[in-house]
Amino acid sequence: MDLAKTQGNPWQRKELRALADNGVSAAERILNAFTRSGELIDALRAPPVVEPKYTGQPDDVVAQAELLFRQRRHLNIETLHKFHLSQGGSADQADIVSTLVAKGWALDGEAWDELLPEDAYLTGIDLWAKHDRAQARAQRGDLIARSQVNRLLAAIDPVVFDDLTELRPNEGWVPIDVVADWLTEELNGRYSPLSLIRADGLYEARTREGGPRPVLAPATAAFLGWLNHDLATFTPPKRSKLDSGPRSREDKLAEKRSRAEERLKLQKQWSDAFRAWVARDDDRQAQIVHAYNRSFRGRIVPTYPAENLRDRALGPGRAQAQEPPDRRCPPRARPARRPRRLRRRRRQDLHRPRDRRPRSPRGMGAPPRHPRPRLHRLEVARRHPLHAPRLPRRGHRLQAQDHRPRRAQGPHHLRARSRPKSAPRSGSPSRLVSSTSSSSPTRPSPAPRSTPSP
């Protein structure tokens, strides 16, 4: 799109010129692309023409064809012949075709003048189209086309009827005419012949004579329900009680099964009957095999060796093996930690006594401990030890700490106030004994036994 035709001459816009005077690079590039009169400069009027550079021999037709095809992905005989003559070659079109065919190249196209290398000819999404064009030329006596047909069949590798171990009539690739013929002969034999059509994604049964609505057997109606995935129609036929003839034990057990199991049984029965019916006629086998090969064969995805891709990406002279790049996220850069004396302390650590113990050289000493876990060894009012590890109320905590603020408490204070494990010293009165306990009778201690002297 030309900017001058839609927005006018860029040099007539004062705002754009002011931005260019201030050093805005985008505005400068826009103004440099146009002349004062509003026309594009000569360098931008026409797209650049890139001429393919060929450095091989003038008579090397294969190298010239490779160069042109890899650049354009399309090549015909006339284009290659002109390029060959421009490089100093002297071969005609017949010699060029014979040389390329001998190297594995193939002819294709409606006019049979397109040139394709072997890797591009034997791969693609529709090899059967190439096969049909080559088959039409081979029927006229073209030897090159006949050899290409054999190469295409070897690449496609079509199946035969014996390879189709499982064949079901409800699959989409099965020809609808074959299914209609089987319905007419097997399920709807006592009624009028049927033909199937597909309308709005559903299969419908019609008469072949074009008459009124056909009469369907119960099994035919259930089969149409299977084709259309309609479980209301796909209902196994129930056996009437008025049916004559003895019933076996298997029949009685089949009636007691669920509808889902009956549907699976019918599907297996119809599939086996359909395959057996197709196997009895060679024309039906040919139709089924042709439909299967056209649906599931004939598409080969091209593959490219990883070594060639790596060598081309590295360039000439750098075709050495390299380690794959690390796709993981790089670690996040964390700022350096502040010194210990400048770190901000947590709120619950503000009133915690500092640990004065010496630390290791690396600063990995034992962390300071809170005094609360040691409260279970304190004495409350010098009467009984406190066994509860938690003191939820404020009054209990203050009483346990002897009404001193927590800021003044410390490990040395807790150790001083804790109960000693050993017996009290002689001569020191015990405060745990009340005044009333002194008047109570005490049991005299037994006198020590005297040991005889030797």
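Every read-out reported here was derived from the displayed coordinates using simple, explicitly stated rules and does not represent laboratory data. Please read these numbers as outputs of a predicted model, since none were measured by experiment. With ideal geometry, Cβ positions are generated from the backbone for all residues, glycine too; neighbour counts draw on all protein chains shown.
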For Cα pairs less than 8 Å apart in space and 6+ apart in sequence, what is the mean separation divided by the residue count of the stretch 101-168, i.e. the relative contact order in percent? 23 percent
Specify which residue in the list L3, F34, A18 is farthest towards the positive end of the charge dipole of the stretch 3-45, using unit charges on the beta carbon of Lys, Arg (+1) and Asp, Glu (-1), about the Cα centre. L3
So, with points 7 Å from each Cα along the Cβ direction, the D2-A336 label distance in nm works out to 6.4 nm
Where does the charge balance sit around Q93 when Lys and Arg score +1, Asp and Glu -1, over other residues with C-beta under 14 Å from its C-beta? -4
What does the charge add up to near T79, with Lys and Arg as +1, Asp and Glu as -1, over the other residues with Cβ less than 12 Å from its Cβ? -1
Just add up the charged neighbours of E110: K/R +1, D/E -1, any other residue whose Cβ is under 13 Å from the Cβ of E110. -1
For an R0 of 45 angstrom, estimate the FRET efficiency from the Cβ-Cβ distance between Y191 and Q93 and round to the nearest 0.05. 0.10
Spin-label model distance (nm) - T79 vs S271, 7 Å beyond Cα toward Cβ: 4.9 nm
Could you tell me which of rounded, prolate or oblate describes the stretch 61-156, using a ≥ b ≥ c as the square roots of the eigenvalues of the alpha-carbon gyration tensor, with rounded for a/c under 1.5 and, failing that, prolate when a/b is larger than b/c and oblate otherwise? prolate
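Once you sort the root eigenvalues of the Cα gyration tensor of the stretch 3-45 as a ≥ b ≥ c, which label holds: rounded (a/c under 1.5), prolate (a/b larger than b/c) or oblate (the other case)?
Oblate shape, in that a/c is at least 1.5 and b/c is the bigger or equal ratio.
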What's the FRET efficiency of V101 with D157 using the Cβ-Cβ distance as r and R₀ = 22 Å, to the nearest 0.05? 0.40
Say each of H229 and E171 gets a label point 7 Å from the Cα, pointing the same way as Cα to Cβ; how far apart are those two points in nm? 1.8 nm
For the pair V62 and L264, what calculated FRET efficiency results from E = 1/(1 + (r/R0)^6), where r is the Cβ-Cβ distance and R0 = 56 Å, to the nearest 0.05? 0.40
How high is the relative contact order of the stretch 61-156? Use alpha-carbon pairs under 8 Å, at least six apart in sequence, and give a whole percent. 21 percent
What does the extension gain come out to for V301 and Q287, with contour length at 0.36 nm per residue minus their alpha carbon separation? 2.4 nm
